[in-house]
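First the structure, in the form of structure tokens, and then the observations on it.
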């Protein structure tokens, strides 16, 4: 039996996601909509696969995944998102995650991704190859640590202690957009949290 925990802050999404597995006898699914309960929950019961929403208000999915792997190093994390998955391909290059899914993925794709993860493999979309090609272009490497104007503004607000919601209000953007930009910034700076991002940005004189 494959044990899966789905973590998402939207109860309706959780309910719909769980229903997908109702007729899959080899999979047992639990759900959690409050990231603050995750640590306590997995200390009591471990899972084979964690399907984690990337953008959540209290704590983003990358931070949740890191918490899970500190407690359970063998955990297989699969991220899923309502945004374009191309925006998060960088997560697949970090060698510690086992997949990336769109919330609009078909049931077949979700099952295949889970089964591949269980076998230690990652099911990659064809478009991932274009992303990899871009990463090895010399022009990209030279620009790796260059932030755009929006990213600079977001980092400045992070340093000042603004919440994601407050930053969104200041920049007239959605909170999801801020979270997506922060995820990219974390990858760019090779950090995992707001505090680390602020310190690294100051160290590199990026803001």
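Shape summary: the chain maps onto an equivalent ellipsoid whose semi-axes, from the alpha-carbon gyration tensor, are 30, 20, 15 Å in decreasing order. If r is the Cβ-Cβ distance from residue 69 to residue 163 and R0 is 25 Å, what FRET efficiency results, to the nearest 0.05? For residue 69 and residue 163, the calculated efficiency is 0.50. The label-point distance for residue 129 and residue 203, in a model that sets each label 7 Å from Cα toward Cβ, rounds to 3.7 nm.
For the peptides 80-90, 13-23, the ranking by packing is 80-90, 13-23, with the highest mean count of neighbouring Cβ atoms within 10 Å listed first.
The ranking of 40, 107 by Cβ neighbour count inside 10 Å, starting from the fewest, reads 40, 107.
Across all directions, the shadow cast by the convex hull of the stretch 12-105 built on its C-alpha atoms averages 6.2 square nanometres. Shown for the stretch 145-203 is the translational diffusion coefficient from the Stokes-Einstein equation, using the Kirkwood radius over Cα pairs, a temperature of 4 °C and a viscosity of 1.567 mPa s: 116 µm²/s.
Bear in mind that the values in this text are calculations on the coordinates, not laboratory data. Everything numeric in this text was worked out from a predicted model, so none of it was measured. Virtual Cβ from ideal backbone geometry, glycine too; neighbours counted across all protein chains shown.
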